[in-house]
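One structure is given below, encoded as structure tokens.
FYI, it's all coordinate maths here, none of it is from the lab. Just so we're clear, the structure is a prediction, and the values are computed from it rather than from any experiment. Cβ coordinates were reconstructed from backbone atoms using ideal geometry, including for glycine residues, and neighbour counts include every protein chain displayed.
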Amino acid sequence: MIDYHVHERHSRDTSSATVENYVRAAEERGIDEVAFTTHLITAGPDVDIGIRLHEIPEYIDEIQRAQETTKVRLLAGLEVDYFPQEERRLERILGEHSLDIVLGSTHYVNGVDIGSRRQAEEFFARRPISEGADEYYTVWRRAIESGLFDVMAHPDYWRKYIHIFRQPVGWDDFGSVVHDCLDSLVSHGVGIEVNTSGHRHGIGGSFPLQQFLDAAYTAGVKTVTVGSDSHTPSQLGYRLVEAVEQLRRAGYSTLSSFRRRKNHAIPM
């Protein structure tokens, strides 16, 4: 059992969750690996939610010290918000630190907070869902091809609120650019995650849609991880067995385990 998307206190939207508390929860639940992926946000209105640059060394050190007290394998990672104009700055920042895994996220698309109910509704208003999805995946593809990330987080994050104001989304609504993205994942060696927080957001399942995983497997995407996107130890491991079953249905038989930003396959 692994959980590769975990936020601790350096993510300001979860200030009470400590590495130590997560370790104890992992021991109790039989979770073998935990990747801490605190937010790093260098642009946009949510900068203050992420870890401060000067805090990254202490964050990594805290994880390394916790490793000395447990058999649970602990990884130091970041979930990084992608903004095209920040690529070179992010490359420098990530190159300065010894990290195990870096998740890429597109919470903002051309200035729109796609994780905001109001802004998401405006983003998709008066146009086909597939047109909005194409705009989202155009930015998502740039993130893949930036070379900054090991795994792309919650691949269809744009679905977070759309079920509230539009009809249920199907694979046909994902547009055409998503297929180019799958090819880019393969050619750039970037992976995807199954993120179970979708259940908590009321979308009726995980991010991404099952058909997305089916298409990713067919396209040849090899690197896959699972994560709870937990912001409190009580959420650690949340519905990850179901996430693994989603991957199995798509055809996958292995997960990816990381160390120093290199991955190898482990049997499910």
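Here the residues Val109, Val224, ranked from fewest to most Cβ neighbours within 10 Å of their Cβ, fall in the order Val109, Val224. Ignoring aspartates and glutamates fewer than eight residues from Lys160 along the same chain, the ones with Cα atoms less than 13 angstrom from its Cα are Asp113, Glu121.
In the chain, helical runs assigned H by DSSP with n ≥ 4 each contribute -39500 (n - 2.57); averaged across all residues and rounded to the nearest 500, the mean residue ellipticity at 222 nm is -10500 deg cm²/dmol.
Taking 8 Å as the Cα distance limit and 6 or more residues as the minimum spacing, I'd like the relative contact order of the stretch 6-69 as a percentage. Contact order relative to length: 36 percent. Put the Cα centre of the stretch 241-267 next to the Cα centre of the stretch 96-170 and the gap is 22 Å.
The gain in end-to-end length when the Gln67 to Glu55 segment is fully stretched comes to 2.4 nm, 0.36 nm per residue minus the alpha carbon separation.
If R0 is taken as 51 Å, the Cβ-Cβ distance between Val186 and Thr232 corresponds to a FRET efficiency of 0.90. Quick check: the angle from helix 56-67's long axis to the longest principal axis of the chain, C-alpha only, nearest 10 degrees? Roughly 60 degrees between the two axes. For the chain, relative contact order (Cα pairs under 8 Å, six or more residues apart, normalised by length) works out to 20 percent.
Between Ile101, Val19, Ala250, the Cα set farthest toward the positive side of the dipole of the chain (charges on each charged residue's Cβ, about the Cα centre) is that of Ala250.
Distance between the C-alpha centers of the stretch 77-93 and the stretch 187-206? Whole Å please. Computed from Cα coordinates, the inter-centre distance equals 21 Å.
Does the stretch 146-225 come out rounded, prolate or oblate by the C-alpha gyration tensor, with a ≥ b ≥ c the root eigenvalues, rounded set by a/c under 1.5 and, if not, prolate when a/b is larger than b/c and oblate if not? Since a/c reaches 1.5 and a/b is larger than b/c, the shape of the stretch 146-225 is classed as prolate.
Seen through its C-alpha gyration tensor, with square-root eigenvalues sorted a ≥ b ≥ c, the stretch 186-268 comes out oblate because a/c lies at 1.5 or above while a/b is not bigger than b/c. Across the chain, Cα-Cα pairs more than 33 Å apart make up 14 percent of the total. Mind checking which of Ile51, Ile93, Ile114 has the largest fluctuation in a GNM of the chain, springs on alpha carbons under 10 Å? Checking each option, the largest mean-square fluctuation is seen for Ile93. Each of Lys222, Lys71, Lys160 has some number of other Cβ atoms within 10 Å of its Cβ, and from fewest to most they run Lys71, Lys222, Lys160.
Overall, the anisotropy analysis places the stretch 220-268 in the oblate class: the square-rooted eigenvalues a ≥ b ≥ c of its C-alpha gyration tensor yield a/c not less than 1.5, with a/b not exceeding b/c. Out of the DSSP beta bridges found with both residues in the stretch 78-230, what percent are antiparallel (nearest 5)? Roughly 20 percent of the beta bridges in the stretch 78-230 run antiparallel, per DSSP. Take every DSSP beta bridge whose two residues both sit in the stretch 2-267; close to 25 percent of them are antiparallel.
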